[in-house]
Amino acid sequence: MHPTASAQTPSGAAPVITIDGPTASGKGTIAQRVAERLGWRVLDSGALYRLTALAVQDAGADACNEPAAAALARQLDVRFDAGGVWLRDRDVTQAIRREAIGNLASQVAAWPAVRTALLARQRDFRAAPGLVADGRDMGTVVFPDAPLKIFLDAAVGVRAERRYKQLSEKGISANLDDLLNDLRDRDARDRGRAHAPLVAAHDAVTIDSSHIGVDQVVQQVLALWSARGPA
């Protein structure tokens, strides 16, 4: 890890902890656990891109058509309720977690117009007493003033094995080699896109979770937040 030197939170703004990282690094689980411990709200930004991908698929639109994808992103009729995700009053909690939707989300997320369409919606989640936001550009683009930024990483082979285990536990058939290749492709797209690429913010603390468990990562994040002292 390296020390933080992040900007101060604007006066009156709710504090934010951002957790960025590649696919299957565990950032969603960590964000949820940290938010629960602090009593804060949580933003799963990836869900918004997955919802956009699902809307593109439902509409039979071309994922390579940037204006069409952006229009669907702006018009998302989405609701997060009781741990579920609803799109136009349809429960899509499981549907947006399918690997095919994840791959499509990685494609549409590369479009600047789509990211712009979802930017204000993501920032609207910022409210007292605080927000834990996970994604790929939370600390670099969406909340650049966050007082604590985490970049959660793990070796791609470890991430593939974790994803394989998750799918197997849900009774979903998967091939480890295919998952590994998919993750490498997603990493390349996310890190290589011209607009808001996946990269650690200059003032982020990097945590490699390859060989440590969820509880250890949560404790590290909470300790870093506690060490900041009064805002």
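The values are calculated or read from the model by the stated rules, or taken from the named source; none is laboratory data. Keep in mind it's a predicted model, so treat the numbers as computed, not measured. Positions of Cβ are generated from backbone atoms using ideal geometry, with glycine treated the same way; all protein chains shown enter the neighbour counts.
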Within segment 193-231, count every residue that is among the charged types (D, E, K, R) and in a helix (DSSP H, G or I).
-> 1
Name every residue in segment 148-192 that is outside any helix (DSSP H, G or I) and farther than 18 Å from LYS27 by Cβ, in order of residue number.
-> LYS170, GLY171, ILE172, SER173, ALA174, ASN175
Hey, could you check segment 100-117 for residues that are more than 17 Å from GLY192 (Cβ to Cβ) and among the hydrophobic types (A, V, I, L, M, F, W, C) and say which is surrounded by the fewest Cβ atoms within 10 Å (Cβ to Cβ)?
-> ALA100
PRO10 passes all but one of (1) touching a Phe, Trp or Tyr at 6+ places or on another chain (Cβ under 7 Å); (2) modelled with pLDDT under 95; which number fails?
-> (1)
Filtered residue count, segment 50-63, keeping only those that are in contact with a Leu (Cβ under 7 Å, 6 or more places away or on another chain) and assigned to a helix (DSSP H, G or I) = 8
Only residues that are in contact (Cβ under 8 Å) with a residue 60 or more places away in the chain and of a type in the set (Gly, Ala, Ser): list them for segment 118-155, please.
-> ALA127, ALA128, GLY130, ALA133, GLY135, GLY139, ALA146, ALA154
Of everything in segment 124-176 that's in contact with an Asp or Glu (Cβ under 9 Å, 6 or more places away or on another chain) and acidic (Asp, Glu), which residue is surrounded by the fewest Cβ atoms within 10 Å (Cβ to Cβ)?
-> ASP153
Answer yes or no: is there a residue in segment 26-40 that is assigned to a helix (DSSP H, G or I), without any contact (Cβ under 8 Å) to a residue 60 or more places away in the chain and among the β-branched types (Val, Ile, Thr).
-> no
Give the residues of segment 64-94 that are surrounded by 20 or more Cβ atoms within 10 Å (Cβ to Cβ) and either touching a residue at least 40 places away in the same chain (Cβ under 8 Å) or out of contact with any Leu (no Cβ under 8 Å at 6 or more places or on another chain) (or both), sorted by residue number.
-> ALA69, ALA70, LEU72, ALA73, VAL92
ASP153 among the charged types (D, E, K, R), closer than 16 Å to ILE19 by Cα, touching a Pro at 6+ places or on another chain (Cβ under 7 Å) and at pLDDT 95 or above = yes
